[in-house]
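The values are calculated or read from the model by the stated rules, or taken from the named source; none is laboratory data. Quantities reported herein were computed from a predicted structural model and do not represent experimental measurements. Using ideal geometry, Cβ is built from the backbone for each residue, glycine included, and neighbour counts are taken over all protein chains shown.
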Amino acid sequence: MAKKWIYWFEDLSSDFNDLVGKKCANLGEMTQLGMRVPPGFAVTVEGYERFMSESGAGEEIRRYVTDNRESLTQVEKQVEAGRKIRQFIESKSMPPDMAQELHRNYQTLCDRVGIPDLAVAVRSSGAVSMPGQMETYLNVKNKHELENKVIRVWGSAFTTRAIAFRLEKGMEIEKAPIGVAVLKMVNAKCAGVVLTVLPTTGDTSRVVVEGNWGLGESVVSGEITPDQFIVDKACGEYECTISAKTKMVCYHTVGTRVSDVPEKIQCEPCINPEELQEIVRVAKNVEAHFNMPQDMEWVIDADLPFPRNIFWVQARPAKFTKKKENDSEYLAELMSRVFRM
Amino acid sequence: MKVYDVVPGLEFDPERDLAQSPAWFLDATHSVPPWTPMFGWFWINFCRHGMQYGAEKLSLPTVHGWDWRFMNGGGYLTLLLVQSEEEKQRREVEFRKAILPFVQDYDGIWNGFVKEILGRYESLKSTDPEKASNIDLLQNFEETINTCRRMWEIHMYMMYGTYTAYILFENMCRELAGIDDTSPVFHKIVSGFDNKVFQVDRRLWEFSKRAEDDGLTDLFVQSEAPDIKSKLEESEKGRAFLKDFMIFMNEDGWRMQRMSEMNLPTWVEDPTPPLGMVKQFILKGGSFNLDEERKKLSNERLEAEKQVLAKVPAEQRGWFEPLMRLAQKSGVFSEEHDHYLDLYTHAMMRRSALALGRRFVKAGGLDHHEDIFFLIPDEVRKAGINPAQFDLRPIVERRKADWKQWQQTPNPPAVLREGFDLDQAMAVLVKSNDPIALKVVVGAMPQVRPELKADLYGTCGSPGIAEGPARVIMTEDELHLVQEGDILVAASTSPSWTPVFSMIKGVVVDRGASLSHAAIVGREYGIPVVMNVFEGTNKIRSGQRIKVDANLGTVYVLDK
């Protein structure tokens with residue numbers, strides 16, 4: 001029997017990092033901590049490898065790289081290689097028994113939630129942090145579309161930088177430690193982030209919660225001014241700054257789009273005090289568990305009752321105070337690579 | 001006794017120098033036409049020093065900077081490559097630390113250097129050329145030499161650091177957002193910034209308004225540029241105007257007509273060029289069009305920034321945005337350094353040398369004060385304190401004869417070891433990844449696309465399309481020939497050319513890269529610039545109608 005290559009989040013934890021990638025392992029770990037995450041499953045790195053070998057894409061890439069090894073030191077050639085390799089991958093369809101298994105798990109997910117053709121998000125989940133572009137597809141609505149998007153996420157592992165990195169380290173170019181997360185899209189009333197440390201000052205006695213109407217992308221990307229709540233960890237007292245939120249990100253037929261926030265709720269707080277305290281409570285628990293300030297993303301579902309409406313989609317150690325320096329150092333490192341092309 | 005080496009120790013020696021490096025390139029941007037001996041001495045010694053200083057201070061992984069030689073008034077240069085892989089890696093580690101200040105506090109570094117160098121200029125200017133003793137004048141000359149050396153250190157340290165960031169930004173735009181430096185979106189991101197050179201142009205425009213208010217319009221319009229000054233001196237209003245104009249010159253007019261030479265007057269000595277520009281502004285009328293253009297460009301820039309940032313994954317923006325800010329400073333630096341560094345220092349060199357030249361003439365050692373440009377510092381020192389004891393004419397005579405000879409026989413574009421061709425030599429430059437080689441010296445090679453049926457193919461320096469009469473300009477002193485609506489055709493341009501950009505519809509230059517003067521200024525004025533066409537000044541004649549499509553990098557001659 002072929003090796004298991006799909007795992008439900010509740011069966012995962014951070015021990016599965018190499019198998020399913022950081023994002024999926026993290027969602028598993030969050031489940032273990034009692035945080036409510038959107039239901040879903042992980043496609044393992046082995047799923048990727050199996051696809052590459054059975055579809056023939058791996059062989060095509062190997063051949064291409066062997067034929068072009070000489071010229072691949074040039075950056076233009078690496079850009080071209082990325083394009084070619086993505087083409088090799090995206091032109092293949094999933095081997096029938098893999099497709100079947102993926103469809104079966106998707107069906108189980110639809111059944112669990114009770115919605116046929118459930119809208120899911122398909123996200124890349126790398127086992128090592130790889131700078132560059134990794135795709136995320138939102139609002140994917142049927143099994144064939146899902147199949148297609150999983151393949152595209154795999155293809156997205158071949159950015160120019162990733163190729164350069166693998167060449168430089170002498171790694172096999174077609175090997176990419178990439179997993180895929182498939183999870184229910186939450187019907188987001190509002191969404192945002194919570195940090196258990198004030199990023200500007202490094203003050204760990206307070207929590208900052210930021211949110212906007214719609215999906216969390218608008219808050220994470222920093223494109224709008226969200227509502228901000230600064231909550232004292234000890235007594236729960238808070239100050240809030242409610243901003244005029246004119247734009248939000250919503251689902252569209254395919255993917256998402258930016259739309260206008262109805263005028264009458266633009267200046268309304270996007271979460272109520274009850275929801276705020278619940279978000280802070282969970283964030284404090286997670287921080288205590290890891291004994292480290294956390295940077296977490298939450299979504300509030302429009303259809304479910306409190307507190308089942310609060311979902312968590314991300315938890316990671318917070319970068320704070322030293323963040324600026326880290327970005328600078330990273331930039332300095334990137335600048336040094338200019339001389340290596 | 002052999003006294004005729006112009007740059008002792010750095011004269012080109014075919015046998016030894018070709019053994020050291022197989023290819024030496026003529027610096028055609030700065031040393032055509034050939035330099036006077038004194039200017040060549042300064043440039044070869046200190047530009048060379050600055051490039052090695054900058055490369056070493058930053059520990060550039062692949063290059064130790066450049067080596068220079070002097071040959072018949074031309075500057076020849078070659079890269080000093082880092083040889084072993086191990087050394088490259090060691091230098092890379094150091095580079096990451098050395099470059100950090102650029103990321104963390106770019107403005108602090110640059111403003112600090114500007115302050116430092118302006119302080120040196122003030123100190124040099126505090127010596128009165130008429131009243132100072134011979135000893136003080138010689139001292140001023142020595143200080144000028146040191147200032148020039150320091151200027152080149154700052155120049156190359158800043159240039160290497162700044163352009164490295166620019167190149168990375170180009171790469172990252174290509175990788176993360178799919179746009180390269182020939183894309184209009186990219187150009188929009190790096191334009192719409194004010195800088196010192198534009199501020200000077202603006203002051204000139206303000207003087208044109210003042211002239212109109214003071215009833216001096218007719219005087220400017222009816223006089224040729226060289227006569228304006230004497231005409232102004234004839235009336236009270238004119239004298240008052242001139243007085244304020246010269247105050248402005250003393251602040252910002254310390255620049256050379258030819259950027260890399262010292263034998264032409266500075267604006268302070270002879271304000272003909274800037275008064276000519278005031279006249280052009282009067283003729284043109286209206287507002288300072290750069291103001292409106294800038295407003296438009298900054299709006300477009302903000303839009304383009306958003307467009308690109310949206311394509312960059314959120315978690316990458318933490319470093320991408322500062323990188324973008326840094327790259328945006330490249331254009332500003334590229335223009336401002338000419339003003340604060342090269343032009344100003346060369347003006348100081350001229351000022352100091354001429355002061356000594358006048359003493360030497362008075363003492364009988366020279367026939368003409370400008371003959372001092374045919375001496376090198378050791379010979380100046382020889383006669384510095386006791387000029388009456390030394391006859392410098394024999395040296396001047398021979399050097400002047402040589403210099404005249406140089407003017408008549410163009411220097412070869414490269415000197416190559418036997419069996420080594422120009423393509424190989426260019427490949428070495430590109431492979432070095434030296435930011436100055438990539439962004440200033442070589443540039444991108446144009447793609448010839450026969451299906452476009454163009455007469456010349458170049459690269460995009462600034463996007464857009466324009467059609468109009470060509471105006472081929474070889475040197476700065478022909479700039480007054482440029483007319484409203486012309487398309488400028490030149491070998492390359494420099495800051496003294498900036499004011500004509502307000503009149504022209506487009507630019508074609510023989511050589512240049514995305515950080516060359518023509519590209520930067522073209523972007524600020526929102527006019528198309530096609531660069532690296534190689535033979536523009538050869539193939540196009542003034543008056544021919546031409547069409548430039550910078551987006552495609554093509555030039556069409558419409559009436560052949």
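Would you call A:Arg83 within 14 Å of chain B (Cβ to nearest Cβ) and modelled with pLDDT of 85 or more? Yes, satisfied. Just one of the listed residues (B:Ala414, B:Ala466, B:Ala437) is of a type in the set (A, V, I, L, M), in the same structural domain as B:Gly73 (by TED's automatic domain parsing) and more than 19 Å from the chain's Cα centre (by Cα), namely B:Ala414. Residues that are in contact (Cβ under 8 Å) with a residue 60 or more places away in the chain and either within 14 Å of chain A (Cβ to nearest Cβ) or under 21 Å from B:Tyr53 (Cα atoms) (or both) were ranked within the stretch B:114-139; the one that is surrounded by the most Cβ atoms within 10 Å (Cβ to Cβ) is B:Ile117. For A:Glu76, the test of being assigned to a helix (DSSP H, G or I), within 14 Å of chain B (Cβ to nearest Cβ), acidic (Asp, Glu) and surrounded by fewer than 21 Cβ atoms within 10 Å (Cβ to Cβ) is passed. Taking first residues from the stretch A:316-337 that are farther than 30 Å from A:Gly28 by Cβ and facing another protein chain (nearest Cβ under 8 Å) and partners that are modelled with pLDDT of 70 or more and assigned to a loop (DSSP other than H, G, I, E, B), the Cβ contacts under 6 Å between residues at least 6 apart in sequence or on separate chains come to A:Ala332/B:Ile99; A:Met335/B:Ile99.
Looking across the stretch B:250-261, the residues that are assigned to a helix (DSSP H, G or I) and either of a type in the set (Asp, Glu) or at pLDDT 95 or above (or both) come down to B:Glu251, B:Asp252. Within the stretch B:157-184, no residue that is over 26 Å from B:Leu552 (Cβ atoms) sits with its Cβ atom under 7 Å from a residue that is small (Gly, Ala, Ser) and in a loop (DSSP other than H, G, I, E, B) at 6+ positions apart or across chains. Looking only at residues in the stretch B:174-217 that are in contact with an Asp or Glu (Cβ under 7 Å, 6 or more places away or on another chain) and more than 30 Å from B:Asp252 (Cα to Cα), the one that is nearest to the other protein chains (Cβ to nearest Cβ) is B:Arg174.
Quick check on B:Arg149: is it more than 24 Å from B:Glu524 (Cα to Cα), out of contact with any Asp or Glu (no Cβ under 9 Å at 6 or more places or on another chain) and more than 14 Å from chain A (Cβ to nearest Cβ)? Answer is yes for this residue. Taken as a whole, the condition of being modelled with pLDDT under 90 and either under 21 Å from the mean Cα position of the chain (by Cα) or hydrophobic (A, V, I, L, M, F, W, C) (or both) does not apply to A:Met98. Taking strands (runs of 3 or more DSSP E) as the structural unit, no element lying wholly within the stretch A:256-337 holds at least 2 residues that are under 23 Å from the mean Cα position of the chain (by Cα), at pLDDT 90 or above and not assigned by TED's automatic domain parsing to the domain that holds A:Leu195. Is there a residue being surrounded by fewer than 16 Cβ atoms within 10 Å (Cβ to Cβ), of a type in the set (D, E, K, R) and farther than 30 Å from B:Trp254 by Cα anywhere in the stretch B:96-107? Looking through the stretch B:96-107, at least one residue is surrounded by fewer than 16 Cβ atoms within 10 Å (Cβ to Cβ), of a type in the set (D, E, K, R) and farther than 30 Å from B:Trp254 by Cα.
The single residue among A:Gly126, A:Gly132 that is modelled with pLDDT under 90, within 14 Å of another protein chain (Cβ to nearest Cβ) and touching a Ser or Thr at 6+ places or on another chain (Cβ under 9 Å) turns out to be A:Gly132. None of A:Thr31, A:Thr66 is assigned to a helix (DSSP H, G or I), of a type in the set (S, T, N, Q) and under 23 Å from the mean Cα position of the chain (by Cα) except A:Thr31.
Looking only at residues that are touching a Lys or Arg at 6+ places or on another chain (Cβ under 8 Å) and not in a strand (DSSP E or B) in the stretch B:529-542, which one is surrounded by the most Cβ atoms within 10 Å (Cβ to Cβ)? For the stretch B:529-542, the residue satisfying everything is B:Asn532. Scanning the stretch B:53-66 for residues that are in contact with a strand residue (DSSP E or B) (Cβ under 8 Å, 6 or more places away or on another chain) and either in a loop (DSSP other than H, G, I, E, B) or crowded, with 20+ Cβ neighbours inside 10 Å (or both) gives B:Tyr53, B:Gly54, B:Ala55, B:Thr62, B:Val63, B:Gly65, B:Trp66. When residues in the stretch B:81-93 are screened for being surrounded by 18 or more Cβ atoms within 10 Å (Cβ to Cβ) and touching a His at 6+ places or on another chain (Cβ under 8 Å), 1 of them pass. Mind checking whether some residue in the stretch A:29-37 is at pLDDT below 90, within 14 Å of chain B (Cβ to nearest Cβ) and under 30 Å from A:Ile279 (Cβ atoms)? Looking for residues that are at pLDDT below 90, within 14 Å of chain B (Cβ to nearest Cβ) and under 30 Å from A:Ile279 (Cβ atoms), one finds none in the stretch A:29-37, hence no. Of the residues making up the stretch B:98-111, not a single one is among the aromatic types (Phe, Trp, Tyr), under 30 Å from B:Ser352 (Cα atoms) and not in a helix (DSSP H, G or I). The set of residues from the stretch B:148-162 being crowded, with 24+ Cβ neighbours inside 10 Å and aromatic (Phe, Trp, Tyr) comprises B:Trp152, B:Tyr160.
Being of a type outside the set (Gly, Ala, Ser) and away from every other protein chain (no Cβ under 14 Å) is the filter here, so list the residues in the stretch A:213-225 that pass it. Walk me through it before giving the result.
Applying the first criterion (of a type outside the set (Gly, Ala, Ser)) to the stretch A:213-225 yields A:213, A:215, A:217, A:219-220, A:223-225.
Within the stretch A:213-225, A:Trp213, A:Thr225 qualify.
A count restricted to the stretch B:300-324 and to residues that are of a type outside the set (Asp, Glu) and in contact (Cβ under 8 Å) with a residue 24 or more places away in the chain stands at 12.
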